[in-house]
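Report on the structure given below.
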Amino acid sequence: MVAEPKIVAFLCNWCAYAGADLAGVSRIGYPPNIRVIRVMCSGRVDPVFVIRAFEMGADGVLVGGCHPGTCHYVSGNLEAEKRMANTKKLLKLIGLGPERLRLEWISASEGGKFAQVVTEFTEDLRKIGPNLLKAQVNVKAPIPYTKQMISDAVKKTNVQYCLECGKCSGSCPISKVNDTYSPRRVVERSLLGFEEKVLSGTDIWTCLTCFLCSERCPSDVRFPEFVRACRRMAPMEVMEELCAHRGIPMALSRMMINPKIKQDRMGWLPEGAEISKRGDMLYFVGCIPYLDVVFEDFNLELLKIPKSVVKILNKVGIKPAMLSNEKCCGHDMLWTGDLENFEKLAKKNVADFKKTRATKLVTACPECYRTLKKDYAEVLGNFDFEVLHISELLSELVDKGELKFDGGLSTKVVYHDPCRLGRHMGVYEPPRKVITSIPGVGLLEMARNRENAICCGVSSFMSCNKYSKEVRMDRLREAKATGADLLVTTCPKCQIHWKCLTSEKPPISPEMVTMEMRDLSVLVAEAMH
Amino acid sequence: MKANQSVLVIGGGIAGIQASLDLANRGLKVYLVEKTPSIGGRMAQLDKTFPTMDCSICILAPKMIECFRQPNLTILTYSEVQEVSGSAGNFTVKILKKPRFINVEKCTGCGVCAQHCPVEVPNEFDMGIGVRKAIYVPFPQAVPLKYTIDEEHCLKCGLCQRMCQAEAVDLNQKPEVAHLNVDAIIVATGFELFDAQRRSEYGYGKYKNVLISLEFERLLSASGPTGGHLLRLSDGRIPKRIAFIQCVGSRSLKGGVSFCSSACCMYATKEAILIREHIPECEVYIFYNELKVFGKGYQDFVTGAQTHWGVKYIRALPGEVVQDSKTGDLTLWYEDTIENVTRSIEVDVVVLCPALIPRAANKEVGVILGLELDEHGFFKPKDPLFAPVDTNVLGVFICGYCQSPKDIPESVAEASAAAARAAEVIALSASKEVH
């Protein structure tokens, strides 16, 4: 017995909903598989509603709006059209298929059309089959905190050694622009018995987890790790309110835990690329294919990164193993306190890695790098893979003289140390060695570099707000002040966060927030022809 | 009575000098070994001393001269202890006298050689700020007032030799080895400074106007590279606002040492008062964690700095120092932990107070003498409470900073204690009972 498809419908108040109402009043029959949510405009439907609907088990999502040109809010439905096109791409990647999302223009007088759409959609969904992901809904459940858990977190991260010197706040990029935020005061409250206030407040979500404070703390208080432990025990509502881009990336990551997931994420692979299902070295791509769609408007050409990596690897004679159903490394989950789902993802990934017989993992994303190299071993107990960041691999090749450039470039670049690669993992020199080995490339440094580098301003999509904006602008200003033509970094997220400044409203003048950016792998691949 | 009755003192700073004088003045023979060309140590580098605000060299030089004039005291500068064998009452010591390339019998200290020497190198006494010649005395009040040629930088041009009227220059001088027989040994090797470049957030080594305290002390001193005029090193301007940052590399569980150097809160206050004396319009801020000022009169000293001299104390350790590359002006970021607000402040000069750490060379001394060191490199006393100047080796005593962090009064007291213990060895070995 096949279960009946469940359709969630977002219908705009003025047209589609009225149309549905008309169908009812006119007694036009249609299948009962539909659950209606009335929105004021189809343009209100955020892609995350669609994703979450599927995460929670819907088989299909219908979005109904006014006909173009008749939108009650003039252009809302055009917004919907853009968004739903974008969302379909996500659905294709995640393996659900774009056919499960339907966008229809239904006017208030088109009761018949409404009924017809629902009937057809239901029938199509019966043919496509049920949403296999509904078997397992992996939403984060907050852990009710106990004094023991807080006390364990305090001991594990050295919080009790705090001297209250304030060096952390004096270093924190957020504290400089938002002086009500102070890592020291968060620690103080935790030690003085105000844990509830700490856990239910927004401060623990404001932390960028950039490790600048703990790098400098004389008492080795690992504040970001303490914050991470607190996030586990914090109420979900605060986090969901503060999460930027409405938590789409994380919703997609959670879906990947599902055993039935079958993604379609290798479309970016160029013709002639040599990869394999098995191999000694596995290239872990990360969520770039999804981020490329979510941040389509930024024109960052993020897919150039994995393309460049594969090209470079092939050129130096490596045929990397790749996972066609690769799961998210789980970084954002870990850092927003969802340890349970993180563990599930990690176990799945490790099982997949083992199937490829790989002994080495290489990645171009610092977050994946840190997570695979450090957190997997810590959380899972054992992890027998050697993890390299692409810059480390390339640096080794430079040392051996095996990295050959055909032409080189003629440009001055400034290198930004991403937090996860730099302070978290101590990888400062390999990217620089690679950059300086490219003929014609001059490397400039910002005053705040290496362990003093300033975070790009956002972490795990949390707390993207006006303070984060200032931090990001400050860093871009610093990069531009070096006189470099290009800002080179090894983290796709940093690029996204900086580019996001260009979509601020009211718009900031472009010279202040734009600088040409390049990922290290893309730079190297360009110079290799 | 045994023929010996002598003590070897290793280290010619105030502790070594005090111990030597105590022993020599009571009729015992003392060999004071110092590896730099002059005795005096750190105290000679200071401008004033806390809490009395005495001119440091003015009170130190008389003691140095006393060492020189004491017939029982033999000063062996530019020398190092190489081997020690034997036991209490009968130590055999091998000392290497490094070649000064100057005949000290003939040198009158007139300085004509240095006037003509073509080589200029950074002056260690001035912490690298000023320059000296390859032929030099480390500071004007050096004891002995004899020139030394720095072999590493000397061009062997012979100009000094030609100009020296006393014919004291001997470019072929060889190192000498001296063998001594002593009853007891006192170690007083003092301290060096934590490398403040390790705290890269403060920009020391990158920003010209970020100095460490001992460098600043030289700027304040009349015998220093600026003649005691307080000027910014980057552009020679008179500073209008100076900030001190305490605890750089100290009291740290990582990126530094875990102990407190005990003297910095006081000497920062002292330097702050001196700034206010030099330049009354200059604002002075001291960024601190705690004010460790527990000696006699010390709290009053700090209170006086706050109330009478207007030194501003802010309870915060700054997160970082940022430089305006065009002007050299510095911005400090900190969280005022009393007002609970994160702020920045623009200053002209930043003075870092780095941890005072036992010398790395203590390890070697430890090996030569068989002494135990603790995890920080201090020599371990036999018992920290009841035998603080004794060590695990009978007849070898320690005093001053190399034993534990302390200030000048404490170093002098401990030096006298070590001298008394050493004299005891001599007295007992005379009656053949050594405890």
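Just so it is clear, none of the values below were taken in a lab; they were calculated from the coordinates. Small disclaimer: the values here were computed from a predicted structure and weren't measured. For neighbour counting, all protein chains shown are included, and Cβ atoms are generated from backbone atoms with ideal geometry for every residue, glycine included.
Roughly how large, in nm² to one decimal, is the mean projection of the convex hull of the alpha-carbon atoms in segment A:164-233?
For segment A:164-233, averaging the hull's shadow over all directions gives 4.1 nm².
Any idea which of A:380, A:109, A:23 is furthest toward the positive side of the dipole for chain A, if Lys and Arg beta-carbons carry +1 and Asp and Glu beta-carbons -1?
A:380
Assigning unit charges at the beta carbon (Lys, Arg +1; Asp, Glu -1) and nothing else, what dipole magnitude in debye, to the nearest 20, does chain A show about its Cα centre?
That gives a dipole near 680 debye.
Against the 2.2 N^0.38 Å scaling, with N counting residues, where does segment A:446-521 land? I'd like the Cα-based Rg ratio to two decimal places.
1.03
Counting other C-beta atoms within 10 Å, and keeping those with at most 12, which DSSP coil GluC sites (Glu not before Pro) do you find in segment A:1-103?
none
Can you give me the three principal axis dimensions of segment A:30-132 from its C-alpha atoms, in Å, biggest first?
Between the extreme Cα coordinates on each principal axis of segment A:30-132 lie 37, 28, 17 Å.
Counting DSSP beta bridges in the protein assembly as shown, what percent are antiparallel, to the nearest 5?
Values: 42 of 114 bridges.
Percentage antiparallel, nearest 5: 35.
Which number comes out as Rg/Rh for segment A:299-424 once both Rg and the Kirkwood Rh are worked out on C-alpha atoms?
Working: Rg = 16.0 Å, Rh = 16.2 Å.
A ratio of 0.99.
Across the residues of B:313-319, average count of Cβ atoms on other protein chains within 10 Å?
Mean number of neighbouring Cβ atoms from other chains: 6.
Scaled to the compact-protein estimate 2.2 N^0.38 Å, what is the alpha-carbon radius of gyration of segment B:1-69, rounded to two decimal places?
Relative to the rule-of-thumb radius for its length, segment B:1-69 sits at 1.20.
In whole Å, largest first, what are the principal axis extents of the Cα atoms in segment B:61-124?
Projected onto the principal axes, the Cα atoms of segment B:61-124 cover 48, 26, 24 Å.
Under the definition of partner shielding as Cβ atoms of other protein chains within 10 Å of a residue Cβ, what is the mean value for peptide A:211-220?
5
For the cross-link pairs B:48/B:146; A:360/A:400; B:206/B:326, which exceed 23 Å when the distance is taken from alpha carbon to alpha carbon?
Over 23 Å apart, Cα to Cα: B:48/B:146.
What order do you get for B:157-167, A:63-73 when each peptide is scored by the mean count of other beta carbon atoms within 10 Å, highest first?
Packing proxy ranking, top to bottom: A:63-73, B:157-167.
For q values of 0.09, 0.10, 0.17 Å⁻¹, compute log₁₀ I(q)/I(0) with the Debye formula on a Cα-only model of segment A:354-490, without solvent.
-0.33, -0.40, -1.02
To the nearest 20 debye, what charge dipole does segment A:99-200 have about its Cα centre, counting +1 at the Cβ of each Lys and Arg and -1 at the Cβ of each Asp and Glu?
The dipole magnitude comes to about 480 debye.
Can you tally the net charge around residue A:238? Count Lys and Arg as +1, Asp and Glu as -1, for every other residue whose Cβ sits under 11 Å from the Cβ of residue A:238.
Result for the local shell: -3.
When A:441, B:131, B:248 are ordered from fewest to most other Cβ atoms inside 10 Å of their Cβ, what list results?
B:131, A:441, B:248
If you take every residue apart from residue A:466 with its C-beta less than 14 Å away from the C-beta of residue A:466, what net charge results, scoring Lys and Arg +1 and Asp and Glu -1?
Details: positive: A:176, A:469, A:472, A:505; negative: A:179, A:470, A:474, A:504.
So the environment of residue A:466 carries a net charge of 0.
Grab every C-alpha pair in segment A:20-89, bin the distances at 10 angstrom width from 0 up to the longest one, and report whole percents.
Bin by bin from 0 Å, the calculated values are 18, 44, 33, 4.
Please report the net charge: other residues with Cβ closer than 14 Å to the Cβ of residue B:218, K and R +1, D and E -1. The partial results should precede the final answer.
Values: positive: B:42, B:48, B:132; negative: B:47, B:124, B:126, B:215, B:217, B:271.
With Lys, Arg at +1 and Asp, Glu at -1, the net is -3.
Can you show me the helix-derived [θ] at 222 nm for chain B, built from DSSP H runs with n ≥ 4 at -39,500 (n - 2.57) apiece and divided by the number of residues, rounded to the nearest 500.
Mean residue ellipticity, 222 nm, calculated: -7000 deg cm²/dmol.
Please report, in Å, the Rg and the Dmax of segment B:242-366, where both are computed over Cα atoms only.
15.7, 49
Output needed: percent of Cα pairs per 10 Å distance bin for segment A:228-373, bins running from 0 to the one holding the longest distance.
11, 39, 35, 13, 2
Peptide B:333-345: average number of partner chain Cβ atoms within 10 Å per residue?
The shielding value for this peptide is 6.
Rounded, prolate or oblate, given the Cα gyration tensor of chain B, with a/c below 1.5 counting as rounded?
The shape class here is oblate.
Would you mind computing Rg(Cα) / (2.2 N^0.38 Å) for chain A, counting N as its residues? Intermediate values should be presented prior to the final figure.
On the way: Rg = 24.5 Å, N = 529, 2.2 N^0.38 = 23.8 Å.
My calculation over the Cα atoms of chain A gives 1.03.
Using the Kirkwood radius built from alpha carbon pairs, what does the Stokes-Einstein equation give as D for the protein assembly as shown at 20 °C and 1.002 mPa s, in µm² per second? Show your work: numbers first, answer last.
Values: Rh = 33.0 Å.
Once the numbers are plugged in, D ends up at 65 µm²/s.
Please list log₁₀ I(q)/I(0) at q = 0.09, 0.16, 0.19 Å⁻¹ for segment B:132-285, using the Debye equation with identical point scatterers on the alpha-carbon positions.
For segment B:132-285 at q = 0.09, 0.16, 0.19 Å⁻¹, log10 I(q)/I(0) is -0.50, -1.08, -1.21.
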